[in-house]
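Reading through the structure tokens given below for one structure.
Throughout, read-outs are computed from the coordinates displayed, never taken from laboratory work. The structure presented is a predicted model; accordingly, all values stated were derived computationally and were not measured. Every residue, glycine as well, gets a Cβ built from its backbone with ideal geometry; the counts of neighbours run over all protein chains shown.
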Amino acid sequence: MRSHVISTRLFTTLLLSFLVLLAACGQTPTSSTSSNATATPTPVALDAYGTPVVYPKTAPQRIISLVPTTSEILGSLNLDSKVVGIDFYTNYPADLTSLPKVSDVNGKYNVERIVSLKPDLVLSYGADTKQYDAQLTNLGLHVVDLPSANLTQMLQEIAVVGRLTFTQNTATSEVTNLQQQI
């Protein structure tokens, strides 16, 4: 039952996010590089902007989400316990709301706080977080931009997060459930 509620809520959130993004069309796509200071990563796919997505060889244990929809994806993949920091606007899943906030109401990210949480994976949006992504990457953090501009890309984002976090089976199941609801 919890999975169905999360799937329905995730679908609704993704759909609303898509509509907001669609309304904000016209922004120039950005890209960033990804790196991992602890494991030798293997690039095997591209993100929505064509930047190589680097998959780690081991499952990340400390994840920071810079986007509410990504936080919901992490929750739907049962990764709440691995999340160590969230953006100001994340309000679901509820158990993530007590985690340290790494941004303020204006969308400004606190790079020092992010680094102090010692993440081995930072999930970012790209366009709105470009300057912070570059700083974090230069500091040796593994940053992956997941800028979704449409519903298809949002479903792909779930699959990418599943692959990044070694929860591919759960991610595939979530994508299938969401596709059936469309």
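Worth pointing out:
- Net dipole in debye of segment 53-168 [+1 Lys, Arg Cβ; -1 Asp, Glu Cβ; about Cα centre; nearest 20]: 280 debye
- Count Lys and Arg as plus one, Asp and Glu as minus one, and take only other residues whose Cβ is under 14 Å from that of Glu112; the net charge is then +3.
- Segment 59-182: C-alpha gyration tensor shape, a/c 1.5 cut-off, then a/b vs b/c: prolate
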